Amino acid sequence: MIGTVTVDARISDWVVQRVVRRVMGPLVPLTATVAALLVGAAMVWGFGGDPVEGYRAMFTGAFGGISEFADTTVKATPLLLVGVGICIAFRASVINIGGEGQIIAGALLSTVVVLALPDLHRGALLPLALIAGAVGGACMGFIPGVLKAYANVNEILSTIMLNIVAGYMMQYLLLGPMIDKEAVEAGNHIAQTKRLSPNSDLPILLGDTQMNLGIVIGAVVAIGAFFLLWRTSLGYEIRAVGGSKDASRYAGMKVERRIVQALTLSGMMSGLGGAVLVFSSVAHRLSVESGPAGFTQLAGFNGIVAALFGGLHPLWTIPAAILFGGLLVGANALQRAVQVATPLVVALSGLVVVFVVSSDRAVRWARHLGERFDIGASPEHDRTGSAASGGADAPTTPSGEGAEP
Amino acid sequence: MTPSLAALDIATVEVFAQARSGWSGFFTLATLVVTVASAIRLAAAYLIAAVGESVGQRSGVLNLGVDGVMLLGAFGAYYTMLQTGQPWYGLLVGLGVGSVMGLVYAFITVTLHAEQGISGIGIYLFGLGFSDLLFRQLVGTPLPIRGFDGLFDSTVPEGRLDIEYPDLYNHSLVIYLAFLLVPAVTLLVNRTTFGLNIRAVGDTPQAADSLGVSVARTRYGAILIGNTLAGAAGAVLALETTGIFIQNMTNGMGFIAVALVYFGAWRPLGVLAGSLLFSLVTSAVLQWQTLGILSGAAAQLTAMAPAAVTIIALVVVTHRIGAPSALTRPFRRGAEH
């Protein structure tokens, strides 16, 4: 009799615990986004538009049809790739703000490869170019990684400075050695390359739309990152270092090396995103005519938004990136419908970040609730839980860890 | 990063630049003076933002949102100027916008213990988007504005252009005030109780707390100072340095201001040196481009130099001096630091 009661209690506790973990985790970013959208509605209303009509137009513009959804996936791809990289870095408590620079480095190196080997067969050129992009981004992540691990340089500052360096480097190369020489002779001095070899174009997946292989690459990378983080010892150590450097070092892990690896992997994903941006661009060339931020479309920052919204989980980052890609695409429809300009979406994504990050207390409250019902807590869960609330060893542990699988 | 070249005050540069081109054109007293004068105006914006940020960082709070706050302050000042024609009102609005953002940021990072690096990026994106949104909704086309008047009579007697260089000293009062911030903040941080508290909560919040210093209140104050000055920096950028507002006109200046604090090793005097270095390079590169010394491409490479130098400086500074020990660490009473 007593036995069945305990078993029943165990089962119901287990169910509650699952529900709390599964629901409360994703709930934080969702609530944050709803809150941001409410603020956005207030702004639309303040500018004299009808928020309901605006959001309806936004949704239809992003998800209302095949070609709209295709555009959304195109916008989502760089966010996804950067976001997956951010998941890896933030899990190691490394705040990688260098997405912009890493995108640029990847775009530049992959473009150099394509310019050097334009006649290579498509089956070889495109993979080679994408690998070059990943390598370029990885180098750009490696530098701040080494500086942080071995010279104790704050990675936030170094990645920001490298963004600036990369931006100028791009403008130098595209105005100088890599400029479209035929256009210059014709009198057009625009900071862009010539049209890249068609062998490097990313294949279109859906007939008349813009949807290309990029989103598939992004999804594959996300799945790969998931396996890396939760199914390999490297991933385990990266997360352990993120939880507590001292404890990891005490357990015999090579903390410095893991930090460098996390930032390099993170940069690699962003670099791949940069390559995809070039080879899926409508003009099929690398152009910095509208400035470095015009080329990256701020994906280096918006990828952080997507990753936070996905609870720093690579798989959840896929829908998160598609949602934020949808926001970017839908912004144009919103502007047409209620005459509120597209930067609204940039402001809203900023609010999402602020809300998600400051909901740390809500997350801890949820975790606390989970632990109260938690009878068979995995040791790993205990570790991350105590590391995050201890705070001392993990001052930079990002919030939003609710989506632990 | 330089403010967009189109926005920078090229007018004064052109006056002298037309005469001769090449290095001989640059090394004339007139051109050098103009270069330095425009660097001083640019340095003021960096200086206000970075000195403010240094106060926040001394209290242990990193604010990456400076760029966003600057943009909001710049738009606020610009719009006020368009409406009222009074640059001082514009500056006041910039200060006001900054302090509101300061309260918000202090609430997020001090009260809610949010991760500072990431929430700063949130503030940046918000400022970037919201200032652009307001501009497009309320103004639309960028109209140039007239900023502050110079302190002195700027009319130069005919034919005496080569000996009188009013550009060098004839700045408006705000530029002088910006440079006065350096001794003012040095005194505040080193010679007042509030400054002592700021340093205490930035280095050892536990000890400060046990001595009865309110960590939260001190950090609120420091963040408020930092963000108010960031808003003012934006206002000066719009009213004085460029005389216009355009989308993303700071072009990363706020991030450089954050780096300048590290560059200057958290001392206002060091920040001043860094600001002058950055703005001198920026204004010289602009001048060299105008004179045809540097091609467009090479100018980009040169403009990269300060950022690259800053990375090296980060390595040196972190080794030699070290940041306030509690920088980026939220304070919870009872938690082991």
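The values are calculated or read from the model by the stated rules, or taken from the named source; none is laboratory data. Everything quoted here is computed from the prediction, not taken from an experiment. For neighbour counting, all protein chains shown are included, and Cβ atoms are generated from backbone atoms with ideal geometry for every residue, glycine included.
Screening segment B:275-298 for residues that are over 20 Å from B:Phe27 (Cβ atoms) and over 16 Å from the mean Cα position of the chain (by Cα) and picking the one that is nearest to the other protein chains (Cβ to nearest Cβ) gives B:Ala297.
State yes or no: is A:Gly49 touching a residue at least 12 places away in the same chain (Cβ under 8 Å), part of a loop (DSSP other than H, G, I, E, B), of a type outside the set (Ser, Thr, Tyr) and closer than 23 Å to A:Leu328 by Cβ? Judged against the criteria, A:Gly49 is a match. The residues of segment A:326-352 that are surrounded by 23 or more Cβ atoms within 10 Å (Cβ to Cβ) and of a type in the set (Val, Ile, Thr), listed by number, are A:Val329, A:Val340, A:Val345, A:Val346, A:Val352. In the set (1) touching a helix residue (DSSP H, G or I) at 6+ places or on another chain (Cβ under 7 Å); (2) away from chain A (no Cβ under 14 Å); (3) surrounded by fewer than 24 Cβ atoms within 10 Å (Cβ to Cβ); (4) closer than 29 Å to A:Gly98 by Cβ, B:Asn248 fails one condition alone, (2).
Go through segment A:86-123 and count every residue that is part of a loop (DSSP other than H, G, I, E, B), closer than 25 Å to A:Ser290 by Cα and of a type in the set (A, V, I, L, M, F, W, C).
From segment A:86-123, those part of a loop (DSSP other than H, G, I, E, B) are A:92-98, A:117-121; that's our starting set.
Add one more test, that the residue is closer than 25 Å to A:Ser290 by Cα, and what stays is A:96-98.
Retained after the next criterion (residues that are of a type in the set (A, V, I, L, M, F, W, C)): A:97.
Residues that pass the stated criteria total 1.
Within segment A:202-241, being among the acidic types (Asp, Glu) and either over 17 Å from A:Ala70 (Cα atoms) or crowded, with 20+ Cβ neighbours inside 10 Å (or both) holds for one residue alone: A:Glu237.
So which residues in segment B:116-145 are among the hydrophobic types (A, V, I, L, M, F, W, C), under 20 Å from B:Val97 (Cα atoms) and at the interface with chain A (Cβ under 8 Å from one of its Cβ atoms)? Even if it seems obvious, please write down each step before you answer.
Pass one, segment B:116-145, residues among the hydrophobic types (A, V, I, L, M, F, W, C): B:118, B:121, B:123, B:125-126, B:128, B:130, B:133-135, B:138-139, B:143, B:145.
From the residues that got through so far, the ones that are under 20 Å from B:Val97 (Cα atoms) too are B:121, B:123, B:125-126, B:128, B:130, B:133-135, B:138-139, B:145.
Of everything in segment B:116-145, those that are among the hydrophobic types (A, V, I, L, M, F, W, C), under 20 Å from B:Val97 (Cα atoms) and at the interface with chain A (Cβ under 8 Å from one of its Cβ atoms) turn out to be B:Ile121, B:Ile123, B:Leu125, B:Phe126, B:Leu128, B:Phe130, B:Leu133.
Here A:Gly311 meets each of (1) under 19 Å from B:Ile118 (Cβ atoms); (2) assigned to a helix (DSSP H, G or I) with one exception, condition (2). Checked against the criterion of being surrounded by 24 or more Cβ atoms within 10 Å (Cβ to Cβ) and in contact (Cβ under 8 Å) with a residue 24 or more places away in the chain, the candidates A:Leu120, A:Leu108 yield just one match: A:Leu108.
As a summary of the residue check, A:Thr296 satisfies the conditions (1) among the β-branched types (Val, Ile, Thr); (2) facing another protein chain (nearest Cβ under 9 Å); (3) buried (at least 24 other Cβ atoms within 10 Å of the Cβ) except for the one numbered (2).
Conditions tested, residue by residue: (1) modelled with pLDDT of 90 or more; (2) more than 14 Å from every other protein chain (Cβ to nearest Cβ).
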{"site": "B:Gly243", "(1), (2)": "no, yes"}
{"site": "B:Gly254", "(1), (2)": "yes, no"}
{"site": "B:Gly264", "(1), (2)": "no, no"}
{"site": "B:Leu269", "(1), (2)": "yes, yes"}
{"site": "B:Ala273", "(1), (2)": "yes, yes"}
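Any residue in segment A:167-188 that is out of contact with any helix residue (DSSP H, G or I) (no Cβ under 8 Å at 6 or more places or on another chain), touching a residue at least 40 places away in the same chain (Cβ under 8 Å) and assigned to a helix (DSSP H, G or I)? Within segment A:167-188, one or more residues are out of contact with any helix residue (DSSP H, G or I) (no Cβ under 8 Å at 6 or more places or on another chain), touching a residue at least 40 places away in the same chain (Cβ under 8 Å) and assigned to a helix (DSSP H, G or I).
May I ask you to verify whether A:Gly252 is over 24 Å from A:Val276 (Cβ atoms), small (Gly, Ala, Ser) and within 14 Å of chain B (Cβ to nearest Cβ)? Before you say what the answer is, go through the steps one by one.
Values: over 24 Å from A:Val276 (Cβ atoms): yes; small (Gly, Ala, Ser): yes; within 14 Å of chain B (Cβ to nearest Cβ): no.
Here the answer is no, as A:Gly252 does not meet what is asked.
Does segment A:249-271 contain at least one residue that is at pLDDT 90 or above, surrounded by fewer than 20 Cβ atoms within 10 Å (Cβ to Cβ) and either within 22 Å of A:Leu108 (Cα to Cα) or in contact with a Leu (Cβ under 9 Å, 6 or more places away or on another chain) (or both)? The answer is no; no qualifying residue exists.
Within segment A:268-280, does at least one residue satisfy the condition of being part of a loop (DSSP other than H, G, I, E, B), within 23 Å of A:Val84 (Cβ to Cβ) and within 19 Å of the chain's Cα centre (by Cα)? Talk me through it step by step, then tell me what you get.
Initially, segment A:268-280 is screened for residues part of a loop (DSSP other than H, G, I, E, B), giving A:280.
Next, only the ones that are within 23 Å of A:Val84 (Cβ to Cβ) stay: A:280.
Add one more test, that the residue is within 19 Å of the chain's Cα centre (by Cα), and what stays is A:280.
Yes; the residues of segment A:268-280 include at least one that is part of a loop (DSSP other than H, G, I, E, B), within 23 Å of A:Val84 (Cβ to Cβ) and within 19 Å of the chain's Cα centre (by Cα).
Taking residues in segment B:299-314 that are under 13 Å from A:Ile143 (Cβ atoms) and facing chain A (nearest Cβ under 7 Å), and partners anywhere that are part of a helix (DSSP H, G or I) and not aliphatic (A, V, I, L, M), the pairs with Cβ atoms closer than 7 Å and at least 6 places apart or on different chains are B:Ile311/A:Ser158; B:Leu314/A:Ser158; B:Leu314/B:Tyr262.
Condition check ((1) surrounded by fewer than 23 Cβ atoms within 10 Å (Cβ to Cβ); (2) at pLDDT below 90; (3) among the hydrophobic types (A, V, I, L, M, F, W, C)) across all residues:
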| residue | (1), (2), (3) |
| --- | --- |
| B:Asp153 | yes, yes, no |
| B:Gly159 | yes, yes, no |
| B:Thr192 | yes, no, no |
| B:Gly195 | yes, no, no |
| B:Ile198 | no, no, yes |
| B:Val213 | yes, no, yes |
| B:Ala216 | yes, no, yes |
| B:Arg219 | no, no, no |
| B:Leu237 | no, no, yes |
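When segment B:14-34 is limited to residues that are in a loop (DSSP other than H, G, I, E, B) and among the hydroxyl-bearing types (Ser, Thr, Tyr), the one that is modelled with the lowest pLDDT turns out to be B:Ser21. Restricting attention to segment A:140-191, the residues that are touching a Leu at 6+ places or on another chain (Cβ under 8 Å) and away from chain B (no Cβ under 13 Å) total 3.
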